[in-house]
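Written out below as structure tokens is the structure these notes cover.
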Amino acid sequence: MNLFIVLIVVAVIAVFVGLAYNGLVRRRNDVDNSWSQIDVQLKRRLDLIPNLVETVKGYAAHERTALEAVVVARNSAMAAPATPAAQASADNALTGALRQLFALSEAYPDLKANQGFVSLQDELANTESRIAYARQFYGDSVATFNTAIQKFPTVFVAKMFSFTEREFFEAEDAARNAPQVKF
Amino acid sequence: MNDLISSNKRRTVFLMLGFVIIVVLVGASVGSLIGNSTTGTILAVVLSGVFAFVSYWKSDAVALRVSRAVPADPNEYKRLHNLVEGLCIASGLPKPRVFVIHDDAPNAFATGRNPQHAAIAVTTGLLEKMNRVELEGVLAHELSHIRNYDILVSTLAVTLVGSIALITDITIRTMWWNGGRVSRGNDRQNGVNPLALIGFAMLILAPILAKLMQAAISRKRETLADVSACQITRYPPGLIAALEKLQADTTTTHSASMATAHMWIEQPLSGVKDSGRLGSLHKLFNTHPPLAERIALLREV
């Protein structure tokens with residue numbers, strides 16, 4: 001009789017562990033999948049930049065610093081480790097450099113009239129909004145995953161199979177160095 | 001969220017069962033009116049079974065065809081495609097097929113049987129009248145219908161409710177057209193067949209029942225989709241502005257029919273006589289909650 005009760009308890013625990021484990025695996029795959037969505041868009045953006053730099057060079061070759069800043073930012077983004085935080089800060093730097101370049105290009109009517117430049121600008125804007133959408137989805141799935149592995153009693157299963165929390169797609173520097181305002 | 005999806009799948013099963021039962025009852029009553037109830041019933045069972053099965057696989061095509069939707073050209077409607085793709089990334093859905101309907105009234109609907117086989121259709125009027133954030137709100141509303149499996153229920157309702165209306169219509173018309181011949185069986189017996197009377201009542205009641213079913217399915221879903229649309233866009237004012245524009249616009253969506261009424265984001269056929277003496281009765285048959293109510297609810301989000 002006692003053995004029977006023990007068996008039932010063991011079976012219930014086994015079923016619970018199995019279900020919890022499967023749920024965690026599903027959520028972890030969701031996180032990976034949403035991360036790859038961001039990754040695809042980031043890569044796409046990096047691929048667009050050499051063309052952009054070439055086009056701008058043709059019209060505004062002496063805007064050296066701005067062009068170089070974009071190239072440098074792109075190279076460091078290519079070299080950045082594949083962690084969300086590193087990718088996010090590389091992405092921020094690139095966004096800043098690009099903004100600078102586009103602001104300068106306002107002064108060159110010929111460049112702005114160039115069909116290739118306009119479509120590149122469109123593509124970039126599109127990719128940027130897609131990165132924003134993908135970030136949102138990634139943030140949602142990370143939040144769900146992190147909550148799931150912290151919750152009682154799933155937390156034991158998560159510990160047992162060493163599921164660890166995932167990072168959000170946020171730049172380290174930007175979060176730590178709050179902008180300083182001086183009067 | 002998952003509760004919502006499984007509840008929608010349950011509803012689908014109920015809808016199909018309800019449909020089969022109603023059709024069988026109608027078939028039996030038609031049969032008893034003609035004087036051969038067994039044949040009528042068997043025919044109805046077979047017909048409704050086949051119909052329900054075909055509906056599951058093909059009703060999205062029917063809904064699109066009925067609304068005269070054409071596939072949206074990726075170059076001509078680039079903005080639309082871009083928005084849909086972006087929102088799909090944000091909500092983790094596969095990209096649905098995108099259709100446009102040449103109609104000046106701003107409106108939109110989603111259809112399909114699951115997120116992998118889904119389609120979104122918008123009118124050209126919507127594309128003209130809405131700005132980016134508003135259009136985004138509307139598309140997110142439709143995508144939430146897809147994610148919640150509302151599309152499965154509502155699209156099935158199109159063909160199922162439509163076919164009930166069709167069957168009863170045909171029978172009633174045939175009876176008029178055939179004159180006395182239909183009730184010859186009763187004449188011989190020299191009395192009123194009570195079954196035939198019930199049958200006749202059924203014929204009249206069936207389309208009303210079907211309409212009620214249609215209304216019950218969709219009203220709550222609309223508000224839910226509004227709320228989850230804001231979860232996708234993170235910007236409730238967009239959808240609020242869009243709904244306000246829809247409210248201000250009085251054009252009737254010509255591409256909508258009675259059968260597809262419940263699928264659109266805004267009730268396409270203007271709700272006549274919503275106020276007044278029979279107002280509450282009419283509201284029972286409305287497929288959508290009033291836009292003012294939906295806007296008020298979104299303001300609280």
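Taking segment A:140-163 as the region of interest, how many residues are in a loop (DSSP other than H, G, I, E, B) and not polar (S, T, N, Q)?
Summing the residues that are in a loop (DSSP other than H, G, I, E, B) and not polar (S, T, N, Q) in segment A:140-163 gives 5.
Got a sec? Which of A:M78, A:M1 is among the aliphatic types (A, V, I, L, M) and closer than 29 Å to A:E170 by Cβ? Let's see the steps before the verdict.
Values: A:M1 fails: closer than 29 Å to A:E170 by Cβ.
One residue alone meets the criteria, A:M78.
Taking segment A:102-146, which residues are touching a Lys or Arg at 6+ places or on another chain (Cβ under 9 Å), away from chain B (no Cβ under 14 Å) and hydroxyl-bearing (S, T, Y)?
The answer is A:S105, and nothing else.
Would you confirm, using the coordinates I've provided, whether B:G49 is outside the structural domain of B:P236 (by TED's automatic domain parsing) and assigned to a helix (DSSP H, G or I)?
yes
Of the residues A:A14, A:A77, A:A90, A:A103, which is part of a helix (DSSP H, G or I), free of Cβ contacts under 8 Å to residues at least 24 places away in the same chain and under 27 Å from B:S91 (Cα atoms)?
Checking each option against the conditions leaves just A:A90.
Residues of segment A:99-115 being surrounded by 13 or more Cβ atoms within 10 Å (Cβ to Cβ) and touching a helix residue (DSSP H, G or I) at 6+ places or on another chain (Cβ under 6 Å), which ones?
Matches in segment A:99-115: A:Q100, A:L101, A:L104, A:S105, A:Y108, A:L111.
Hey, among A:V72, A:V15, A:V25, which residue is modelled with pLDDT of 90 or more and surrounded by fewer than 12 Cβ atoms within 10 Å (Cβ to Cβ)?
Selected residue: A:V15, the only one of A:V72, A:V15, A:V25 that is modelled with pLDDT of 90 or more and surrounded by fewer than 12 Cβ atoms within 10 Å (Cβ to Cβ).
Quick check on my filter: what residues within segment A:19-55 are within 12 Å of chain B (Cβ to nearest Cβ) and of a type in the set (G, A, S)?
Those that are within 12 Å of chain B (Cβ to nearest Cβ) and of a type in the set (G, A, S): A:G23, A:S34, A:S36.
Filter the strands (runs of 3 or more DSSP E) completely within segment B:53-122 down to those with at least 1 residues that are in contact with a helix residue (DSSP H, G or I) (Cβ under 6 Å, 6 or more places away or on another chain), away from chain A (no Cβ under 14 Å) and modelled with pLDDT under 90.
Correct list: B:108-114.
Of all residues in segment A:55-64, which are surrounded by 12 or more Cβ atoms within 10 Å (Cβ to Cβ) and not small (G, A, S)?
First, the residues of segment A:55-64 that are surrounded by 12 or more Cβ atoms within 10 Å (Cβ to Cβ): A:55-60, A:63.
Within segment A:55-64, A:T55, A:V56, A:K57, A:Y59, A:E63 meet the criteria.
The values are calculated or read from the model by the stated rules, or taken from the named source; none is laboratory data. Since we're looking at a predicted model, the values are computed, not measured. Using ideal geometry, Cβ is built from the backbone for each residue, glycine included, and neighbour counts are taken over all protein chains shown.
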